[in-house]
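Only one structure is covered here, and it is reproduced in the block below.
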């Protein structure tokens, strides 16, 4: 059970090989295949679970898998308005539109960029020594009009499914610098970030020739985006919060959420959408999908439960924001792990994520930097906890496969080393490149808004609107 | 005793409050109001530029003993201004206050403020 997105690309290449083989007498195929390396064979077995592709002339669409993947694609997009509501409810009244627009702008901007460049840069064959991918046939998705992937879904579905991940990732960063950035600067920043930070990391971790995908016998485990989505955005969020500085008046003035009702609805939409995010990342509709969905549900509940209990002990009251944060912490932590852990692992990861994220937010308050909506505190910390701690809960069959591939033994500690390498590289790359991008955008178009604009609020100063009609009598 | 009512721009509220607290004026009532002075505010609605005739403002009500009137008024004026002053920065009204009663203790007059 390597990360399915990766497996998918690998299987695509395999399919080509298989097609070539078909020229030879079909009876000899089995024998021919034995000449392939053992790992490749195992992979083929894993990919072609149904065994249907062997004799078939063409890879055909499987309507069940395709419908689930279409559903998942829609579910992941639903997370973006969910995030807009989650973040939008947490800021002050004067910034509600500006904050929700950060998520919607990602939907719009990355929605254009991804089919144009993003998909080619992420899932094309590696260029520049594997730094990014590129394949001109993916430019504007021109070459995939007829492609059915070996997972029996049209490649359009895969490209769009991956596109939703590319959309939500930069939108997550916005939580760190909420209430104080220029809309134009933000738009340019996320466009550059998506190309220069997201696509390379996505390529390393999920493309079949990505170096993190091929680290260790079964690769660095990142089922649905622990490193690619959550650590990359979380670390960037921290760098951005530190670089741009605190909001005026933070932390002396209280900055209350304007609408926790909306935040809760947003958290609910995120939870629902996450089933597409994780279970869809199996790029299948089978046992793997069921496993991913089950552990996703369990981890989210475990995270929220743990957060609630901590708050009950610390303050005697369980807050709604605490429950929402716990849900997110659990979901973030299970994201990399959804393909390899069992329900016990999901409970543990959810609880661990809630504890560490809670501590991280307490530490943030102590240190005084202004990660306004805790983008790093939840996504960065939760992602790191998930990507590392999952090692201790991997199902035995996965470890046995890894041991076989490694030629005898493969220990938890060795896999932890692989995980730590992937996490470390993601942190280093995302933080350094993001800092450069932030600097460039700040010095050219400007990212931090003026004090007057900040005080009158993003809604008015950036968009010429008001979030709520209530304050205007006319 | 005087009742000071100030109508200011919403984006100056934090500045004014911080300065009032520095000057030891900590008892204050704040409300969102809309109103209309000489200022025109342009909003955009689906591409059309609209000048709404009522503009969001913040209203401060502060009851003070006479010796605090000047410091309160000066603080508000200093902090509510945009730069050297713009149309729309607001107004201050001062009215005599006949009586002030603390509900909890029934105390009356200056010591109840």
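The values are calculated or read from the model by the stated rules, or taken from the named source; none is laboratory data. Since the model is a prediction, treat every value here as computed from it, not as a measurement. We place every Cβ from the backbone using ideal geometry, glycine too, and count neighbours over all the protein chains shown.
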Matching helices (runs of 4 or more DSSP H) fully within the stretch A:393-474 where at least 2 residues are within 14 Å of chain B (Cβ to nearest Cβ) and at pLDDT below 95: A:451-456, A:458-463
Counted residues, the stretch B:86-100 - those being more than 17 Å from the chain's Cα centre (by Cα) and surrounded by 11 or more Cβ atoms within 10 Å (Cβ to Cβ): 1
Unmet requirement for residue B:78, which otherwise passes all of (1) more than 10 Å from every other protein chain (Cβ to nearest Cβ); (2) closer than 17 Å to residue A:452 by Cα; (3) part of a loop (DSSP other than H, G, I, E, B): (3)
Hey, residue A:138 closer than 23 Å to residue A:74 by Cβ, outside any loop (DSSP other than H, G, I, E, B), under 20 Å from the mean Cα position of the chain (by Cα) and in contact (Cβ under 8 Å) with a residue 12 or more places away in the chain or not: no
Residue within the stretch A:222-232 that is without any contact (Cβ under 8 Å) to a residue 60 or more places away in the chain, in a loop (DSSP other than H, G, I, E, B) and more than 14 Å from every other protein chain (Cβ to nearest Cβ) present: no
Residue in the stretch B:23-46 that is nearest to residue A:465 (Cα to Cα), counting only those that are more than 11 Å from chain A (Cβ to nearest Cβ) and modelled with pLDDT under 90: B:40
Failed condition for residue B:60, given (1) away from every other protein chain (no Cβ under 14 Å); (2) over 17 Å from the mean Cα position of the chain (by Cα): (2)
Failed item in (1) touching a strand residue (DSSP E or B) at 6+ places or on another chain (Cβ under 8 Å); (2) assigned to a helix (DSSP H, G or I), with residue A:209 passing the rest: (2)
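The rows are residues; the columns are (1) within 14 Å of chain B (Cβ to nearest Cβ); (2) crowded, with 18+ Cβ neighbours inside 10 Å; (3) in contact with a helix residue (DSSP H, G or I) (Cβ under 6 Å, 6 or more places away or on another chain).
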| residue | (1), (2), (3) |
| --- | --- |
| A:217 | no, yes, yes |
| A:237 | no, yes, yes |
| A:250 | yes, no, no |
| A:262 | no, yes, yes |
| A:268 | no, no, no |
Pick from the stretch B:1-20, criterion within 13 Å of residue B:68 (Cα to Cα) and outside any strand (DSSP E or B), ranking: nearest to the other protein chains (Cβ to nearest Cβ): B:20
Any chance residue A:354 is in a helix (DSSP H, G or I) and under 26 Å from residue A:74 (Cβ atoms): no
Residue in the stretch A:176-190 that is in contact with a helix residue (DSSP H, G or I) (Cβ under 8 Å, 6 or more places away or on another chain), under 22 Å from residue A:124 (Cα atoms) and touching a residue at least 40 places away in the same chain (Cβ under 8 Å) present: yes
Answer from A:109, A:97, A:148, A:153 - the residue that is farther than 22 Å from residue A:227 by Cβ, within 14 Å of chain B (Cβ to nearest Cβ) and in contact (Cβ under 8 Å) with a residue 60 or more places away in the chain: A:97
Options A:360, A:346, A:354, A:338: the member that is within 20 Å of residue A:229 (Cβ to Cβ) and without any contact (Cβ under 8 Å) to a residue 24 or more places away in the chain: A:360
Residue list for the stretch A:270-301, filter: closer than 17 Å to residue A:345 by Cα, in contact with a helix residue (DSSP H, G or I) (Cβ under 6 Å, 6 or more places away or on another chain) and buried (at least 21 other Cβ atoms within 10 Å of the Cβ): A:278, A:279, A:288, A:289, A:292, A:295, A:296, A:298, A:299, A:300
Test result for residue A:384, in a helix (DSSP H, G or I), modelled with pLDDT of 95 or more, away from every other protein chain (no Cβ under 14 Å) and surrounded by fewer than 22 Cβ atoms within 10 Å (Cβ to Cβ): no
Unique match (being within 28 Å of residue A:451 (Cα to Cα) and touching a strand residue (DSSP E or B) at 6+ places or on another chain (Cβ under 6 Å)) among B:55, B:28: B:28
Residue within the stretch B:86-102 that is within 14 Å of another protein chain (Cβ to nearest Cβ), within 24 Å of residue A:247 (Cβ to Cβ) and without any contact (Cβ under 8 Å) to a residue 60 or more places away in the chain present: yes
Number of the condition not met by residue B:69 [criteria: (1) surrounded by 14 or more Cβ atoms within 10 Å (Cβ to Cβ); (2) assigned to a loop (DSSP other than H, G, I, E, B); (3) at pLDDT 90 or above]: (2)
